[in-house]
Structures are given as C-alpha cells and as structure tokens.
Amino acid sequence: MSEQNDMRQNVPDPVMENVDRLPAAQTGPTSQYGPGNRFLTKDRTVHQILGGGRAADSALWRDKYLSAGTLIGSTVVWFLLEKSGYTFMTLLCNILMFAVVILFVWSNVAALLHRNGPPVPELSLSEDFVLSTASVIRYDVNKALAIARDVALGKDFKLFLLVIAFLYVVSTVTSWFNLLTCVWIGIVLLHIVPFVYDKYEDVIDHHAKKAADVASTHYKNVDAAVLSKIPRAPAKQKKTM
C-alpha cells in the first residue's frame, strides 16, 4: 500500500488531475428522489412496471436461466428465419411436425414396452385466467384510446409532440430493418435497458431530471413565442335548460 502511495506521489500533479477527472474516478450523483418517489418510475418499481411475472424476472435477469434461454432462443429463431431463408410458418410447421412425430413414436413404443408415455400435461385455460387477461387488455386499450383522443383533439400539445417524435423514430428505425429484426432487437433491448436502469436508477433519475428541466424550459420558451399566439376556436358552452 505504501509503495502505491509513493508511486502516486511521484506522478506529476497535472497527470493526476486528468486521471481524477475521468468518469471512472468520480462517484455518480444520487437522485434526490427516494424510493417510492422516483422521477421516471414514480411509486412503482421496474419489476412492477414490467408486470411482475416471469417476463419481468427474465428482463431483470432475476432468473438467469430464463433470461439466457430467451435471448439464445430468440437469436436462434432470428438466425434461422433471417439467414437460412425459412419463413416463420415453414419453420413453425417443421418444428410442430418434428415434435408430433417424436411424441407419436414415443407413446407407441412406451405402450409396447409397458413403460410410461411422454410427459405431456393437460393444457387448458381457466375462465378466471381468460377474464383477468381480457380485463387487463381492455384497461390498456381504453387507456391508449383515451390518449389517442386527447392527441387528436389537440388537448395536450406536449403529448402531441411526444407522439409525433415517437412515431417518427419508429418509422425511421423500421425502415432500416424488417419486422423480424425489429422484434429481435426489441427482445435484446428488453433484457438490457430495464436491467441497467434497475442497477443505476439513482444516476439515471438524476440525469433524466436535468434533461426534463432543460426540455421544459425550451418548451415554455416556444410556447410563449409561438404556440400561445396561434388562434384557437373558443370553447363551446354547454346549453343549460
């Protein structure tokens, strides 16, 4: 330890100043938002935002085997469909055909040898599961339709700009890749972005708050200079009996 201190003292001060200014030598800022009051996630954890099930465990790498299997499986499927010339339906039918043949032979050979057959479980969807899934989908669809209505009617100009920017980015990215590659990239990002945010939540919240403050300042300037001067139709008054 003393030898390291002596070596550090022998290095010129300007060099050490440059080393201390490197990002790795500095401690990351902590967010002013404590747990339950985050800037990006508010009062929910990343696991809760992702649904809190097996998919969330996979995205956050809490189940390493599931996460690795999802990434490897999606990569293999993407490679087979993208590089080998197979179509999705061709690959799916070949896999199902291969599985049905194996199960059929296994079941008949096991019956002849008086052994146990293939462990195929009885699959069925319960009424509660279908109703709960339909309820969740209905809530999300109604929420999306309400947001789309607000955007179409011009009630929230900031949301309108965000939707336009999002659609432009999606349109640009999808022009670079086909649908299959976009889905594969989405699966890969789903296993990277939530994990990184969950690990460095304080630092990301800190910089996101600063970026949001800057964007809000620019928006207020544009609103005062341009948007507020755009004439708008007067609000209709409700008729009273």
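The values are calculated or read from the model by the stated rules, or taken from the named source; none is laboratory data. Since this is a predicted model, take the numbers as computed values, not measurements. For neighbour counting, all protein chains shown are included, and Cβ atoms are generated from backbone atoms with ideal geometry for every residue, glycine included. Remember, those area values only see protein heavy atoms, side chains included, never the ligands or the DNA or RNA. Shrake-Rupley method; radii C 1.70, N 1.55, O 1.52, S 1.80 Å.
Some values worked out for this structure:
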read-out: Accessible heavy-atom area order of F88, F157, highest first, probe of 1.4 Å; value: F88, F157
read-out: Pairwise FRET efficiency - F79 versus A144, Cβ, R0 = 45 Å, nearest 0.05; value: 0.85
read-out: Per residue value of the accessible surface for the range 97-175 (all protein chains in place, 1.4 Å probe), Å²; value: 89 Å²
read-out: Computed label-point distance, nm, for sites F195 and L123 using a 7 Å Cα→Cβ extension; value: 2.8 nm
read-out: Loop-located trypsin sites (Lys or Arg not before Pro) in the range 136-168, at most 16 other Cβ atoms within 10 Å (DSSP); value: K155
